[in-house]
Structures are given as C-alpha cells and as structure tokens.
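Working notes, structure below.
The values are calculated or read from the model by the stated rules, or taken from the named source; none is laboratory data. Bear in mind the structure is a predicted one, so any value in this text is a computation, not a measurement. Cβ atoms come from the backbone with ideal geometry, glycine included; neighbour counts cover every protein chain shown.
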C-alpha cells in the first residue's frame, strides 16, 4: 500500500510555482512495518515538467530508521517562508521515534528538518498549520483544550516558538479531533478557527477567551476550509489563445 502526499507553493526566489509529490510505501522487515518515501518529484510551472528529487542519505534515515509515517491528514503540506512542511508524528509502540517537522525548500529543492520545542517532541497529539504566513504548532488535549505556538520569525532553531494561546473546548463540541487556525481579525484580537470541520468555524477572542460561531448555510460536516489568495497566474499551458 502507498500513501501520496502533495504540496503546492510559490517559489519566490525563482519566481516559479511548484507542486511537490511524495509517495510512501509500506514494506515488511522482520515482521515490523516501516514506511519510507519511494520517490519525491517536483513539478515546475516555469519548466512545465516533473523532476525527481534524490534525497540525501542523512535525510533518508529520517524515514527509514526513525520516523515511520507522515501525518496523513496534513498530506497537502503547510506552506511558509518558501518551504513546504509535513509532520512526522510520534509512532506508537516505538521508543526511538519522536515528533519532528520536515521541510522542503522550494528554491533549492532539498529536504530538511525544522526543529520544534523540546517539550513537544514526545507529545502524543500535535499538528502543524500556518497563521498569517507564520508556522504554528498545536498540542491537543482532546477533551479539554488545544495549545498553539507560533513561529513569528522563521528560523531552524527550536527556541523561536512563543506560545500564542490556549483554546478551551467550546460548548457544543464534544472533543478536539482537528483544530486549524485560519486567520486573524483585522485588529489582531481574534483568530478564526476551524474545529473538527468547516461546520464549526468560530472566532476566538485572544483576550476574553470567548467564541463567536460563524454560520455557513447548508455546510456539511464533511467540508473543510482553505485560505485562497487571488492570483492572475494561469495553469499549465495556460496562455490564452490570441484572438484574430
């Protein structure tokens, strides 16, 4: 069986739009299951072609020896600061594994690691996201609250993750299965949260800790939200035909 992960981002260094595709396959070794990427490919809109990426040996060890699978619900990658990010979560039953974040540099097309706070590397339930262009980390206490850290200045070191807030479980929500910070209000006093799915969109006041539900008519619980930025960029072979 294979898991496929994608990422889409603008390479500001080379003025190019790129799609990253990673495939992880499961193989059996001594009756244990290991996951590792068989291939990483990048599509460049400027080149209009796919390119296979050969991972450096030290980074390949991240997948083969320690970290067994990417977090599938974050399969689309998190874009921040010209990097796409995926979470390699703690693997239950393996003492050698711990949480980390891998990042793909859209400019150099190389894979690397982004450090996270030391007190989160052994947490059972964490996730990553992006808020106002900055990387953020969420730690879930499923029936109680979610803590959010944000990397305001993008660096590799783990010391640059100040804690943004603690989000208590709102009334009417049974548990936190998924929480995504989407955006700030104009005055930066509130953040818009997606809790479990797009049916639970709520403004969270950072000072009063109160929620305001955002109603979307006929929104099904299977929906999810995405932030869209308007662009005049056309897709592959997207030049409009000239009218004679």
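Quick grid of which residues meet (1) surrounded by 13 or more Cβ atoms within 10 Å (Cβ to Cβ); (2) over 21 Å from residue 77 (Cβ atoms); (3) modelled with pLDDT of 90 or more:
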position	(1), (2), (3)
142	yes, yes, no
145	yes, yes, yes
148	yes, no, yes
172	no, yes, no
184	yes, yes, yes
Note to self: Given (1) at pLDDT below 85; (2) surrounded by fewer than 19 Cβ atoms within 10 Å (Cβ to Cβ), identify the lone condition not met by residue 16.
What the structure shows: (1)
Check: How about the range 196-228: which of its residues are at pLDDT below 70 and either in contact with a helix residue (DSSP H, G or I) (Cβ under 9 Å, 6 or more places away or on another chain) or exposed (fewer than 14 other Cβ atoms within 10 Å of the Cβ) (or both)?
Finding: 220, 221, 222, 223
